[in-house]
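Report on one structure; see the data block that follows.
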Amino acid sequence: MLNRRTFLKSTAATAALAGSSGLALPARAQGTPIKLGYVSPQTGPLAAFAEADNFIISGFNAAAKAEGLNIEVIVKDSQSNPNRAAEVARELIIDDEINLMLVASTPETTNPVTTTCESEEIPCISTVAPWQPWFIGQQGNPGDPGSWEPFYYSYHFFWGLEDVIAVFTNMWGQLDTNKQVGGLFPNDGDGNAWGDPNVGFPPVLEKLGYGLTDPGRYQNLTDDFTAQINAFKQAKAEIVTGVMIPPDFTTFWTQAKQQGFTPKVASIGKAILFPQTVEALGDAGNNLSSEVWWSPTHPFSSSLTGESSGQLASGFTEATGRPWTQPIGFVHALFELAVDVMKRANDPTDADEVSEVIAATKLNTIVGPIAWDGIGLPPFAQKNVAKTPLVGGQWRLKDGGGYDLVITDNQTAPDIPTGGKMEPIT
């Protein structure tokens, strides 16, 4: 088998692979199962991202069985630890001999798994990490764009920092503020990218007339945010933004309230994506805002089951008694892509061929259309990244208790309906 690093298949061959159809897997795959590896942070501080994994994988297994697809899913827990993520990825590749790796949830999980797959020449599809921390963070010299090289076996789908910055500033524009922003950026893959002076928030905020107070990188699981709170109070910040793990935002917001700091807007990536984080704050979670990657009102359906976004979300609630969460859609889409790819591959055990098939994907999924066609991306990322739509929303207290996530701005994706307008925190 020729190594894909030195020989890329022809456009004609790729087109032929993309043109095959039908639900059945290729005949040569029927005797033994196609093995999918899946890595996510099922325990540790990032565990909220994997809350729906069992539900999604159970549904996938049922759908695959109903269609007569011979697929085995082998699941590993990264324990929210990058070193562990790389370790279990290697186990899946070496010991379990998987044919395709799937991985989700934050650069601390996606990056080490992708790096391992690239090294071992195993095709990999990843999601739930902005594309810049995923792509740039794995380059040998992240500070030198001229040295960046494409990946040969690794493909990612999600939105980028340019999208979340646009969403957040669009939401802030609905309110009357002094445009002074306090930034909370940890010393991790997300925080270093979001706070980067070149590709992160600082240059865009400056261009739009916002002042940014960035007290510097802090370590995850910090137990005292007094220095950051004092810096924001001194700057009279009426907006707070950043990208935090859930326990850190709970600590920050509780201490901010105790120390008399209540901004008009708090738009936080990662941490307040999840209802359990907001619920833990009691009434203090009202009108917190975040990016919204997927919701029950997104106008998309599954290519695998035909379910609408609303049906998938309500199915999760019926099965677990818990509110829907945003990763549900993207983890489901990972498995949609896996089936689509393996249906189109003549030999699902040929890593080079599977990688070429992934590159040729054009699939309408429950999170929207996915194609590695380079649209909306700089040249260096066009081969490996597919962008998905992003909007913004606020958590609103419900009369009977609990919270609803209301989409409040859709300027970046008008096809996704809004449910209200931004309201200031009081």
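The values are calculated or read from the model by the stated rules, or taken from the named source; none is laboratory data. Bear in mind that the values here come from a model prediction, so they are computed numbers and not experimental data. Ideal geometry is used to build each Cβ from the backbone, glycine not excepted, and the neighbour counts take in all protein chains shown. Accessible surface areas use protein heavy atoms only, side chains included; no ligands, DNA or RNA. Shrake-Rupley method; radii C 1.70, N 1.55, O 1.52, S 1.80 Å.
Limited to segment 80-114, what total is found for residues that are of a type in the set (A, V, I, L, M) and assigned to a loop (DSSP other than H, G, I, E, B)?
Looking only at that region, the number is 1.
Which residues, taken from segment 134-157, are among the small types (Gly, Ala, Ser) and part of a helix (DSSP H, G or I)?
Hits for segment 134-157 are Gly137, Gly146, Ser147.
Looking only at residues in segment 66-79 that are assigned to a loop (DSSP other than H, G, I, E, B) and in contact with a Ser or Thr (Cβ under 7 Å, 6 or more places away or on another chain), which one is farthest from Pro33 (Cα to Cα)?
Gln79
Residues of segment 371-410 being in a helix (DSSP H, G or I) and surrounded by fewer than 20 Cβ atoms within 10 Å (Cβ to Cβ), which ones?
Pro379, Phe380
Among (1) modelled with pLDDT under 95; (2) within 22 Å of Ala333 (Cβ to Cβ), where does Ile57 come up short?
That leaves (1) as the condition not met.
Determine if segment 382-389 includes at least one residue that is farther than 30 Å from Val341 by Cα and without any contact (Cβ under 8 Å) to a residue 60 or more places away in the chain.
The answer is no; no qualifying residue exists.
Name the residue, out of Thr325, Thr365, Thr349, that is among the β-branched types (Val, Ile, Thr) and open to solvent by 20 Å² or more (accessible area, probe 1.4 Å).
Thr349
Of the conditions (1) touching a residue at least 24 places away in the same chain (Cβ under 8 Å); (2) in a loop (DSSP other than H, G, I, E, B); (3) charged (D, E, K, R), Asp163 satisfies every one except a single condition; which number is it?
With respect to (1) touching a residue at least 24 places away in the same chain (Cβ under 8 Å); (2) in a loop (DSSP other than H, G, I, E, B); (3) charged (D, E, K, R), Asp163 is out only on (2).
So which pairs qualify, if the first residue must be in segment 201-219 and in a loop (DSSP other than H, G, I, E, B), the second must be of a type in the set (Asp, Glu), the Cβ gap must be under 9 Å, and the two must be at least 6 apart or on different chains?
Arg217/Asp188; Gln219/Asp188
Can you tell me how many residues in segment 177-231 are of a type in the set (S, T, N, Q) and within 22 Å of the chain's Cα centre (by Cα)?
5
Which number in (1) open to solvent by 20 Å² or more (accessible area, probe 1.4 Å); (2) farther than 21 Å from Thr106 by Cβ marks the one condition that Ile358 misses?
(1)
Which of the following residues is more than 29 Å from Glu97 (Cβ to Cβ), buried (at least 22 other Cβ atoms within 10 Å of the Cβ), among the aliphatic types (A, V, I, L, M) and modelled with pLDDT of 95 or more: Ala319, Ala333, Ala313?
Among Ala319, Ala333, Ala313, only Ala313 is more than 29 Å from Glu97 (Cβ to Cβ), buried (at least 22 other Cβ atoms within 10 Å of the Cβ), among the aliphatic types (A, V, I, L, M) and modelled with pLDDT of 95 or more.
Within segment 251-263, how many residues turn out to be touching a helix residue (DSSP H, G or I) at 6+ places or on another chain (Cβ under 9 Å), closer than 22 Å to Phe201 by Cβ and not aromatic (Phe, Trp, Tyr)?
3
All but one of (1) open to solvent by less than 10 Å² (accessible area, probe 1.4 Å); (2) modelled with pLDDT of 95 or more hold for Ile93; state the number of the condition that does not hold.
Against the list (1) open to solvent by less than 10 Å² (accessible area, probe 1.4 Å); (2) modelled with pLDDT of 95 or more, Ile93 comes up short only on (1).
Please go through segment 314-359 and pick out each residue that is within 29 Å of Glu291 (Cα to Cα), assigned to a loop (DSSP other than H, G, I, E, B) and not β-branched (Val, Ile, Thr).
Correct list: Gly321, Arg322, Pro323, Trp324, Gln326.
Is at least one residue of segment 230-240 among the polar types (S, T, N, Q), out of contact with any Gly (no Cβ under 6 Å at 6 or more places or on another chain) and open to solvent by less than 10 Å² (accessible area, probe 1.4 Å)?
Checked segment 230-240: no residue is among the polar types (S, T, N, Q), out of contact with any Gly (no Cβ under 6 Å at 6 or more places or on another chain) and open to solvent by less than 10 Å² (accessible area, probe 1.4 Å).
Can you pull out every residue in segment 115-133 that is assigned to a helix (DSSP H, G or I) and either in contact (Cβ under 8 Å) with a residue 60 or more places away in the chain or open to solvent by 10 Å² or more (accessible area, probe 1.4 Å) (or both)?
Selection gives Thr115, Glu118, Ser119, Glu120, Trp131, Gln132, Pro133.
Quick check: is even one residue across segment 267-277 at pLDDT 95 or above and open to solvent by less than 30 Å² (accessible area, probe 1.4 Å)?
Yes, some residue in segment 267-277 is at pLDDT 95 or above and open to solvent by less than 30 Å² (accessible area, probe 1.4 Å).
Provide a single number: the residues in segment 36-86 that are within 21 Å of Ala351 (Cβ to Cβ) and in contact with a Leu (Cβ under 8 Å, 6 or more places away or on another chain).
Of the residues in segment 36-86, 11 are within 21 Å of Ala351 (Cβ to Cβ) and in contact with a Leu (Cβ under 8 Å, 6 or more places away or on another chain).
Assess whether Thr262 counts as being open to solvent by 10 Å² or more (accessible area, probe 1.4 Å) and either of a type in the set (A, V, I, L, M, F, W, C) or in a helix (DSSP H, G or I) (or both).
For Thr262, the condition - open to solvent by 10 Å² or more (accessible area, probe 1.4 Å) and either of a type in the set (A, V, I, L, M, F, W, C) or in a helix (DSSP H, G or I) (or both) - is not met.
Kindly check whether there is at least one residue in segment 143-151 that is open to solvent by 30 Å² or more (accessible area, probe 1.4 Å) and under 21 Å from the mean Cα position of the chain (by Cα).
yes
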